[in-house]
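Below: one structure, written as structure tokens.
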Amino acid sequence: MADIGTTVAFTDDVLAQGMPAKAIHITELRGAIDMVRAAAGLPAATYTNSVAPGSIISAVDFSEMRSAIGATRTPLGMPPLVFTDPSLLGLPIRLLHVNELRDAVR
């Protein structure tokens, strides 16, 4: 089975329970996802919302990142990703959701 290895250093690499997701966390995740997409021969992902300090991070931001990284799995010979909360609509974004995406690009 293939494995992904990136050299991304995430801000607040170990997120504490209750710590809110920050714009930098999303920006770094998007950059890491684009690195994996490039390795899979795919173009950079596009996103509905820009993420800036103070902006609200929504379920659509995470859904789009999940789709963007999910598209890399078959070209890289990897199994599909399984997320704890497949649909985030109506759910608060949690530490778990950030960590699952971080794990997907490592």
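The table below gives the values:
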item	result
Among (1) farther than 21 Å from Leu89 by Cβ; (2) open to solvent by 40 Å² or more (accessible area, probe 1.4 Å) - the single one Ala40 does not satisfy	(2)
Of the criteria (1) crowded, with 17+ Cβ neighbours inside 10 Å; (2) assigned to a loop (DSSP other than H, G, I, E, B), which one Thr84 fails	(1)
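Yes/no matrix, rows are residues, columns are (1) under 14 Å from the mean Cα position of the chain (by Cα); (2) at pLDDT 95 or above; (3) exposed (fewer than 13 other Cβ atoms within 10 Å of the Cβ); (4) farther than 14 Å from His97 by Cβ:
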position: Asp13; (1), (2), (3), (4): yes, no, yes, yes
position: Ala21; (1), (2), (3), (4): yes, no, no, no
position: Ile24; (1), (2), (3), (4): yes, no, no, yes
position: Glu28; (1), (2), (3), (4): yes, no, no, yes
position: Val51; (1), (2), (3), (4): yes, no, no, yes
position: Ile56; (1), (2), (3), (4): no, no, yes, yes
position: Leu76; (1), (2), (3), (4): no, no, no, yes
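The values are calculated or read from the model by the stated rules, or taken from the named source; none is laboratory data. Here the structure is a predicted model, which is why all the values come from computation and not from measurement. A quick note on method: Cβ atoms are made from the backbone with ideal geometry, for glycine too, and the neighbour counts reach across all protein chains shown. Note: accessible area is taken over every heavy atom of the protein model, side chains too, but ligands, DNA and RNA are not part of it. Shrake-Rupley method; radii C 1.70, N 1.55, O 1.52, S 1.80 Å.
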